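What follows is a single structure, written as structure tokens, with notes after it.
Quick note: the coordinates plus some simple rules give every number you see, no bench work behind them. Everything quoted here is computed from the prediction, not taken from an experiment. Heads up, the Cβs are rebuilt from the backbone with ideal geometry, glycines too, and the neighbour counts pull from every protein chain shown.
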Amino acid sequence: MVYDSSIAQRQMMQGIQNPKAIQEELRPYYDGTLFGRRGPAHLLANDPAVEELCVMCNQNGDIQCECCKATYCSTNCRDTDWPLHDLICKQLATTCANSKRPEGHIRYFLFPTKGKKPKLVWIKNDDDIAETAVLRADTDFTPRGAFCDMINVNASMPRRRIGKVLICKMLDRIKRSGTNLPINESMIRLSSLGQARVEHGPVLVKAYVYSRLSPLDPRRSDREDRDVTARDFRTVVDFFRTMKANPCVVDIERFPRTHYNCDIWPAVKLNCREDSVRFRPFAELVDQTEDSASLIIERVRVPSVSLFSPRRPVLRAKHLSLNWIYELCSTNVDIQPASGVIQNDIFAAAISPVMDSVPAPSNPGSFMIIHERVVALDCLHVFRLARFLAYNDRTLHIPVSTLTRADFERFWNTREITVPSGVPSPYSLEDGH
């Protein structure tokens, strides 16, 4: 759904009885213009002074990038930002420098579907059709209309001075309606593999300001497009790294507990076979251990509060006196039809959330295992439990309901003799050792 400002204006002029309710309804598209007088000033302000601030923080900067002249407050901020800044630095200094501007064009960020790096592109000023054309040109699928979703960055970044409105425009709506757009390769490289929400199709980022604070007057003449900058790039990346839709905490060093307003818990993430296939082209982004095992199972951090999928006990682990809970986090749960898309046949029924065998269509997709006592599980704990249950169920044909804690402890100790790992038994966590 694309927000129609003319309809919103007409509703407001007729008299709105509950503006807060409407603001909540429009929150995904809220850019601070309808209810700006009640919102943070920085969502509306045309603040060119932000370009004098450090790219990484809100401090004044006096150190510049030698190539593109981006501003930093310290060498520490500059060096920390470099892995990301390097993706756009040369473009800002050459093909998309201000001196190279085509007449009547504005600078945008484009995160292409194919390719390792984001691009800077020139698009004609105030031309929505040109914006959509750029998105459609980046994918093999041609929609029968714009079908664009727009996400506002500002409302989710209250602690950062942005000084303009940043909008992400994408074809994500097509994916949700049943079209399987490919994974956006340039965006998946911005975070740890599989820990952030996977975006599908191209993403375009634009910036604009309002020449005067006029919440009730959305005329186009009040809006002025602006070039995106190096600081805007860091803002957009931080936004996607901290989205509430992300299954994991992506950057714990930059965004500690205070950013999430809740505790951060350790967890183990198990990628289903389909997700593992999707991630395999990006295997260079993860530390490889034991035949690409990290594409299947990895240690992560998660918010203590689940915003989407409920957390439930892993009943098969509970039966063995292991207090584990699980949360679904498949990257494709919103793609329809779901047949054959989100099945976890790597672990099959072994780590199923129910006691009895589960039919294949009901197998969960990717999911995370968390200890109820908020202690750090090791990947080996989950992996060996899966092997133990699978061995008894498939090889020995022993019902899971007859297995006990002693059986799993015996299996663990035997594996430690044949394949020593040095990892303490999962029961050491249960017993508080």
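For the range 45-103, report the % of Cα-Cα distances exceeding 16 Å. Walk me through the numbers before you get to the answer.
Details: 808 of 1711 pairs.
Across the range 45-103, Cα pairs with separations above 16 Å total 47 percent.
Fully extended, how many nm does the chain gain between Thr95 and Glu253 (0.36 nm per residue separation, minus their Cα-Cα distance)? Mind dumping the intermediate values first?
Numbers: separation 158, 0.36 × 158 = 56.88 nm, distance 3.32 nm.
This chain segment gains 53.6 nm when fully extended.
Please work out how much length the chain gains when fully extended from Arg161 to Leu315, using 0.36 nm per residue of separation minus the C-alpha to C-alpha distance, in nm with one decimal.
Roughly 50.8 nm would be gained on extension.
If you average 1/r over all unlike Cα pairs in the range 62-160 and invert the result, what Kirkwood radius do you get in angstrom?
Roughly 15.9 Å, rounded to one decimal.
Given a Förster distance of 35 angstrom, what is the FRET efficiency for Val374 paired with Asp407, based on the Cβ-Cβ distance and rounded to 0.05? Could the numbers behind the result be given before it?
On the way: r = 27 Å, r/R0 = 0.76.
Given R0 = 35 Å and the Cβ-Cβ separation, E is 0.85.
Once fully extended, how much extra length lies between Asp126 and Asn60, figured as 0.36 nm per residue of separation less the alpha-carbon to alpha-carbon distance? Please report the intermediate quantities before stating the final value.
Values: separation 66, 0.36 × 66 = 23.76 nm, distance 3.13 nm.
That works out to 20.6 nm of additional length.
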